Amino acid sequence: MNVVVAPCSHDAAKYAVLNWHYSQRMPKSKLVKFGVWEDTKFVGAVIYGSGANGGLFAPYGLEQTQGCELVRVAMRKHSVFVTQVIADSINQLKKSQSSLRLLISFADPDQGHEGKIYQAGNWIYAGMTDVADEYIVNGIRTHGRALRSTRSGHKQKNVPAKNVEDWARKVLDPNIRRVSGSSKHRYLYPLDKAMRRQILKMGLGYKNAVEGLEASRLDSVEEVLVQSQPTARGEV
């Protein structure tokens, strides 16, 4: 079997997310997108982004441009190990983004995810995040960071609002409601030796992560066949 991990178009990545990722939502930050092909068949995408939180990398002494978040791994039924796909995408990301020093990703226990693919790929486990604020907007569960990002980038002006919830009620959904947020597993992947030495001091060991998913595969429930098309590939 011939496996190709290569830059893909926004449309190809979006298709993978809408069909094979539980969120069914594309991130809104600046993205770097890699497609995955098995014997010319498009089987998914791996997407990196700057994240909605502007201070995501400040705790590690980094500027926002020195780090990036693995925001989506969206794949249909496949044979290749996800850890191999992620490793290939990281190698290409490092070559194209020389200023990067640290990657971060999160696994949501509410979705049955404990980060086994990161453990299998030697990412460093850094504990649980604080409980996040979340909202139901137009029937979709939305992280507070994403909602605040939507507000700051919204075109409509002169909308009085004391906070983001008031703003969203006026502009997005009159029936918006706050719901109990979740705490997520945090994983770090340093990209140079100095950063690895720094991050290893924060590592808690995988025994602190909840046991759960199979260590190296992430299979979609859906059996959707998508053939690779010439338009699927594009610039990073």
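In plain terms, if you count all Cα to Cα distances in the stretch 1-108 and split them into 10 Å steps from zero, the share in each step is 15, 48, 31, 7, 0 percent. Subtracting the Cα-Cα distance of R197 and D130 from 0.36 nm times their residue separation leaves 21.7 nm of extension gain. Placing dummy labels 7 Å off each Cα toward the beta-carbon, the span from N19 to N138 is 2.3 nm.
Kirkwood radius, the stretch 63-112, all distinct C-alpha pairs, inverse of mean reciprocal distance: 12.6 Å.
How large, in Å, is the stretch 3-48 by the Kirkwood hydrodynamic radius built from its alpha-carbon pairs? Could you put the intermediate results ahead of the total?
Values: mean 1/r = 0.0946 Å⁻¹.
Its Kirkwood hydrodynamic radius stands at 10.6 Å.
Heavy-atom accessible area with a 1.4 Å probe sorts M128, M75, largest first, into M128, M75.
Expressed in nm to one decimal, what extension gain is obtained for the pair S180 and A58 from 0.36 nm per residue of sequence separation less their Cα-Cα distance?
This chain segment gains 41.3 nm when fully extended.
Return the FRET efficiency for the residue pair T40, K77: r is the Cβ-Cβ distance, R0 is 22 Å, and the value is rounded to the nearest 0.05.
Efficiency computed from Cβ-Cβ geometry: 0.90.
Could you put S105, S79 in order of accessible surface area, largest first, with the 1.4 Å probe and the full protein assembly present?
On the way: S105 0, S79 65 Å².
Largest accessible area first, the residues go S79, S105.
Given a 1.4 Å probe and every protein chain left where it sits, what share in percent of the accessible area of the stretch 19-80 is carbon and sulfur? Let's see the in-between values first.
Values: 1040 of 2370 Å².
With neighbouring chains kept in place, the figure for the stretch 19-80 is 44 percent.
Given a cut-off of 23 Å, name the pairs among K28/K193; K33/K170; K28/K170 whose C-alpha atoms lie farther apart than that in the structure shown. Walk me through the numbers before you get to the answer.
Values: K28/K193 31 Å; K33/K170 34 Å; K28/K170 21 Å.
Cα-Cα > 23 Å for K28/K193; K33/K170; rest within.
When restricted to Cα atoms, the stretch 53-150 yields an Rg and a Dmax of 15.1, 40 Å, respectively. Potential lengthening of the chain between A6 and R145 amounts to 47.1 nm, from the contour at 0.36 nm per residue minus the alpha-carbon distance.
The values are calculated or read from the model by the stated rules, or taken from the named source; none is laboratory data. Computed from a predicted model, the values in this text were never measured in an experiment. Note that we place each Cβ from the backbone using ideal geometry, even for glycine, and neighbour counts take in every protein chain shown. Areas reflect the complete protein model, heavy atoms only, side chains present, ligands, DNA and RNA absent. Shrake-Rupley method; radii C 1.70, N 1.55, O 1.52, S 1.80 Å.
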